[in-house]
Amino acid sequence: CRKGLELDPDYALLHFYLAVLYQLKGRYEEALAEWETLSRLDPDWMLPPDSVAAIRAAYAEGDERGYWETALEWLRSQEWSPVRAYIMTAACAALGRMDEAFTHLDRFVDSGHPMVPGIGGDPHFDPLRSDPRFVAILNKIGLGERT
């Protein structure tokens, strides 16, 4: 992502991927910086600047839990999209809200979005892996055990 951003610092999708990667590593300050950049480049695509500011404030006050709670609250207020469902699944998994996570994950999988096969190895979904519902979803999309 960084190499691509050296070539084109305004490539919004790379800022999105970098923000997600920082989240996975628990580097929330850096993730927030990427969300801020993305919101300046394309405020209608993912998070508008005021929402990023609210997430930053919640993170400062409530650490990782505040980050995810505020992101989830904002995502719930938006029109549904596969990418938002993906992030809502990640937020719910991080917060331990498994039933809600699976509701969003089911909708995401049913959308047929090109990112769906990636759930098999996505660390965001690690908290869901021991649940039989996750195994069923992997089987549904052809990533389960072969017999």
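What the table below lists for this structure:
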| item | result |
| --- | --- |
| Chymotrypsin sites (Phe, Trp or Tyr not before Pro) restricted to DSSP loop in the range 1-37 with at most 15 other C-beta within 10 Å | 11 |
| Point-charge dipole on Cβ atoms (K/R +1, D/E -1) for the range 78-147, about Cα centre, debye to 20 | 100 |
| Accessible area per residue, Å², the chain with all protein chains present, probe 1.4 Å | 54 |
| Potential extension, residue 41-residue 140 segment - 0.36 nm per residue separation minus Cα distance | 32.0 nm |
| Accessible carbon and sulfur surface of the chain relative to its total accessible area, %, 1.4 Å | 52 |
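The values are calculated or read from the model by the stated rules, or taken from the named source; none is laboratory data. Quantities reported herein were computed from a predicted structural model and do not represent experimental measurements. Cβ sites come from the backbone with ideal geometry, for glycine too, and all protein chains shown count toward neighbours. Ligands, DNA and RNA are stripped out before the accessible areas are found, and what is left, the full protein with its side chains, is counted by its heavy atoms. Shrake-Rupley method; radii C 1.70, N 1.55, O 1.52, S 1.80 Å.
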